[in-house]
Amino acid sequence: MKLPARLTAPAAALLLAGLTATACAPHPQTANGKAAADEKSGTLRVWLFQEVSNKPKEQVVAQAVTAFEKRNQGAKVEVEYIPVETRAQRVKAAFNDPRSAPDLIEYGNTDTAGYVKDGGLADISAEFAAWDEAKDTDPTARKSVTVGGKVYGSPLFVGLRALYYRTDVFKELGLTAPKSQAELVSTAKKIRKAKPELYGIAVGGAYTYGAMPFVWAAGGELATEEGGSYKAAVNSEAAREGIATYASLFGDDNCPAAKCAQMGGNATVTAFASGKAAMAIGGDFSHAAVEAGTVKGKYAVVPLPGTAPGSIAPAFAGGNNIGVLKSTSHRTLAVDLLKSLTGKDTQGKLFDAMGFLPTYTDVRAAAAQRQPFVKPFIDTLDAGTRFVPASPGWDQIDSSLVLPTMFQEVVSGRKDVKAAADDAAKKMDAAFAPTS
C-alpha cells in the first residue's frame, strides 16, 4: 500500500492470503519460550518492495544503509527486494518461522492491522515518540502505522494515482486533457481510432485501485459500515454505474480485453512508459518508471477526472510503511535502521529518485517547490481520498481477488455488470461475516 491531512481514516485491512494460519505458529517474540535477544552487532535483513524501475530506489537505500553501518560499527545490512504480488506468501512464511524472518519489512498501509493482529510487528511507540523527526509526520500518515493507540512502524511514502497522458499525441490530434470521465472514455477511443497501434488509455482488469475511482466518482462504495460491521455495496446502482464506465474502456476501440483484462497496475504503467499507450492511471510512485521510458519529456499529469466536468475522482489513499518484526534479535539496531530508511533525508532523496511523496509535511512542501509534477497529486489529496473497509474480512477479499475477478468477468463478457457485482457482493459479505 501508506499520509497527508485530508486523507480518509487509514487502514485496517488485514494481512493478505491466509495469514490466519499464523495463529498456530510460535509467538514471534520468543524462541523456545525465551524472549528474543537485543544484539548490538551482526547482520540485519530487510525486505523492501521491488518497483517497476527499482535502480534509483536501490541507490537511495544503499546511502541510508551506509550511514547506518557507519553509525553502528559491527552491524551489517542485507536488503532483498521482493515482488509486491507475492508478499503475502513471503510474510506468511516469515511469521510462521521467525528464525528465517527478516528484521524489517516494507508493507502497504492496508496491511498494518493484519500484521499487528498476527503478531508480526514490534510495538515501537516509545522510540517513535522520542524521535525528533517524527513530530513532523503527517497526522494521517501516523495513523497508518497506529493500531490500538500503539505505533508499529514508520511511514515511508504517500501513494496516490492520477492521469498520465502523452502531450505529443494530444497535440498532434488536437486534444486536451479530459475534464470528465465521459470525456476520458471518448478521448481514449478517438486516439485508438486515429492511432490503432496505441491504447487510448491502458487499463487493467486486475488493476483494482485504478478502477475504484470510477466507482467512487459515481457515488458508489466498496462497502458500508454500521456498528463496526460491514456490508458490501459494490453492487449498488451507483457502484454498478462506475463499474460500467471502467469496463467500457476494454475493447478493440481502446484496450482489447484479450490483452488488457489480465493487466495490473504495473503493466499499465509499463505500457504507457514504453510508448504503447496515450494515457494511463499511474501513481506518484510511477514517476521514475515513466521518466526512464521512451515517453520522457512527452507527457504530463493531471488529476483523474470525476463524473462532473472539472471534478476530481476520489483516489485510493495508498502508501507504504516500514516496520520492525517482533521476532528480531536486533531490536535496537532495527529501530535505528528504520529511522535511516524512513527519515527526512531518505524520504527527500526517494522523492527526487522515484517521485515518492514524503510523509513529512515540511519535506513534502519542499519537494513540491522543487518539482511541479507533484501538484496534480496534491490536488487529488485536497479533493478527498478513500480507503478500503477497516474490516478483518478485507484480507480474504483482497487475497482471493474478488474485485479483479468481478472486473474481469465484466470486461471479458462472461457476466453482465449486475451479475458480476452481485457475485462479488456475496463473496464480500461472506468475508465480512464474523467468524466463531
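None of the figures in this text is laboratory data; all of them are computed from the coordinates on show. Just so it is clear, the structure is predicted and the values come from calculations on it, not from any experiment. Cβ placement follows ideal geometry from the backbone for every residue including glycine, while neighbour counts extend to all protein chains displayed.
Per residue, the convex hull spanned by the Cα atoms of the stretch 70-186 measures out at 220 cubic angstrom. Please name which of 246, 224, 272 has its Cα lying farthest along the dipole of the stretch 174-300 towards the positive end, using unit charges on Cβ (Lys, Arg +1; Asp, Glu -1) and the Cα centre as origin. So the residue we want is 272.
A helix-only calculation puts the chain at -11500 deg cm²/dmol for mean residue ellipticity at 222 nm, using -39500 (n - 2.57) for each DSSP H run of at least four residues, averaged over all residues. Within the shell of other residues whose beta carbon sits under 10 angstrom from the beta carbon of residue 48, the net charge comes to -3, with Lys and Arg scored +1 and Asp and Glu -1.
With 0.36 nm allotted per residue and the present C-alpha distance subtracted, the residue 375-residue 76 stretch has 103.8 nm of extension available. Give me the lysines in straight-line cross-link reach of residue 171: C-alpha distance below 28 Å, same-chain residues under 8 apart excluded. The qualifying lysines are 179, 189, 190, 193, 195, 259, 276, 296, 298, 375. Approximating the spin labels as points 7 Å out from Cα along Cα→Cβ, the residue 414-to-residue 252 distance works out to 2.3 nm. The slack between residue 100 and residue 366, meaning 0.36 nm per residue of separation minus the straight C-alpha distance, is 91.8 nm. In this structure, residue 59 and residue 172 have a Cβ-Cβ separation that, at R0 = 45 Å, corresponds to a calculated FRET efficiency of about 0.80. Of the beta bridges in the chain, as assigned by DSSP with both residues counted there, near 70 percent are antiparallel.
Each label point was placed 7 Å from the Cα along the Cα-to-Cβ direction; for residue 129 and residue 244 their separation is 5.4 nm. What whole-number distance in Å separates the alpha-carbon centres of the stretch 122-168 and the stretch 246-325? Cα centroid of the stretch 122-168 versus Cα centroid of the stretch 246-325: 23 Å apart. Length available on full extension from residue 89 to residue 430: 0.36 nm per residue minus the Cα-Cα distance, which gives 120.5 nm.
Between residue 308 and residue 225, the C-beta separation translates, for a Förster distance of 25 Å, into a calculated FRET efficiency of about 0.45. Could you compute the FRET efficiency for residue 274 and residue 43, with r as their C-beta to C-beta distance and R0 at 56 Å, rounded to 0.05? For R0 = 56 Å, the calculated efficiency reads 0.90.
Seen from residue 118, the other residues with C-beta closer than 12 Å to its C-beta sum to a net charge of +1, counting Lys and Arg as +1 and Asp and Glu as -1.
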